[in-house]
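Accompanying notes for the structure given below.
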Amino acid sequence: MLFIIHVVVMMVAEGYGLGDAIWLTITTATTVGYGDISADTPIGRTATVLCMYVFGIFLLAQIATDVFDYRALQRDRRRRGQLEWKNMKDHLLVINVPAEHPEAYLTRLVADVRNTPELADIPVQLLTTSFPDGLPTPLVNEGVTHYTALAENTESLRAANVGAARHIVIIAGEANDPRTDALTYDILSRIDEIRTPAGIVVEAVDDGNRQRLLDAGASTVVRPVRAYPEIVVRAMIEPGTERVLENLFTHEADRLARFDAEFAELRWRDVVSQFMQGGAGLPMGYVDDDGVHTNPSPDTLCSGKGIITLIKDASDLTGEVVADCLRKCAA
C-alpha cells in the first residue's frame, strides 16, 4: 500500500508517468537511489519521506529479516526431523532404531546399503524419535534424512511416505525383549491400512512370532543381529539368504566345522563332489599356511592342512570320514 500511495503521488504531484513513478519508488525503497529522477515538489518530497524513508525501508528490512528467520527455522526443523519430505519416493524407510548404540548400527547399515549395487543410489529415510537434535554427522554425510515421530501412529507413517517406499525395514528397539514384537505387529497393521508395494523386512525377537509377523504383512523376518546389519540388507535384495545365515547360529540347524587333514593338489570341484557323496557336508573353504581360503573357483588346485565344511549341528561327522573323502579325491 505504501508503494501504491507513493506511485500515485509521484504521478499526480510530480507529473511522472506510471513507469517512471514505479522506477522512482523501487530505487528509493531499496536505497539504490540512481538519482536520474527525483521528487521536486513539497508534496512529492513529503510523500517520499513518509512512505519510503520512515516506513517503506523499515518494512522491507523487516520482511527480509522474516524471510531469513523463516529459512533458518526451516533448516533447524529439517535438521531435527520435524519437516515432512513430501517428494520422497522409491526410498528405503528404516522404522525405529536399536536402543543401544543406534549411530554405530545405522552407520554400518547405511554403508552396506551404499556398497550394494542394487541399492547404491536409493534415498534413505529414518522414522524414529531417537535423534530430536539432529542426525549424527556420518549419516548426514551419506544423505540420510529423518522424520521425528512415533512409528506406532498412522499419520507418522503417512508423513514418512510409507506408501511410496521401495523397501521398509522395521528395527526391534530392544533386541532381547519379546514385547518389542508387539510394537512391530502394530506398525505392520498400520502399514497394511495404508497399503504399500514395498518389501518389508522386520526383526523378530521371539521366533514364535515369526509367522504372525509374516501374516501381518512382513515379507521377511530376521533376528536382531546387531553386529551384522548386512543380514538385513541381504534380506531386502535376496530374500531367503538371511535364513541360511541365521541357521549358522542356530542350535540343531547348520554349522561350520573345521577338520584338520593334510592334502595336496586336489581340484576343488572334486573335493566338493566327494564330500557331498560321502556325507561329509558341503566344503566352504580350506586352510593352508597362508590362512583360510573361502569358496575357491571349481578348477583351483588346492593344498592345505584343513577343510572347513558346512554340516548339520547334530551331525556326528568325524575326522576319519573327512580324511577318507580326501583320499578318494586323490585317487
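Confirm whether Ala159 is in contact (Cβ under 8 Å) with a residue 60 or more places away in the chain, in contact with a His (Cβ under 9 Å, 6 or more places away or on another chain) and assigned by TED's automatic domain parsing to the domain that holds Val97. In short, no. With respect to the conditions (1) outside any helix (DSSP H, G or I); (2) under 15 Å from the mean Cα position of the chain (by Cα), Ala99 lacks only one, and its number is (2). A count restricted to the range 186-217 and to residues that are surrounded by 20 or more Cβ atoms within 10 Å (Cβ to Cβ), touching a Lys or Arg at 6+ places or on another chain (Cβ under 9 Å), within 27 Å of Met88 (Cα to Cα) and without any contact (Cβ under 8 Å) to a residue 40 or more places away in the chain stands at 1.
Restricting the first member to the range 231-248 and to residues that are over 16 Å from Gln211 (Cα atoms), and the second to residues that are aromatic (Phe, Trp, Tyr) and surrounded by 13 or more Cβ atoms within 10 Å (Cβ to Cβ), the beta-carbon pairs closer than 9 Å and six or more apart or on different chains are Leu245/Tyr228. Within the set Gly173, Gly143, the sole residue that is under 11 Å from the mean Cα position of the chain (by Cα), assigned to a loop (DSSP other than H, G, I, E, B) and not aliphatic (A, V, I, L, M) turns out to be Gly143. None of Ala39, Ala64 is part of a loop (DSSP other than H, G, I, E, B) and out of contact with any Leu (no Cβ under 7 Å at 6 or more places or on another chain) except Ala39. You will find that of Gly279, Gly306, the residue that is surrounded by 14 or more Cβ atoms within 10 Å (Cβ to Cβ) and not hydrophobic (A, V, I, L, M, F, W, C) is Gly306 and no other.
Cβ contacts < 7 Å: first residue assigned by TED's automatic domain parsing to the domain that holds Glu142 and over 26 Å from Asp186 (Cβ atoms), restricted to the range 95-113; second residue modelled with pLDDT under 95 and not in a helix (DSSP H, G or I), any location; separation 6+ or different chain. Result? That search, which allows pairs on different chains as well, returns Arg108/Pro229; Asp112/Pro229.
The values are calculated or read from the model by the stated rules, or taken from the named source; none is laboratory data. Since the model is a prediction, treat every value here as computed from it, not as a measurement. Quick reminder, even Gly has a Cβ in these numbers, built from the backbone with ideal geometry, and neighbours come from all protein chains shown.
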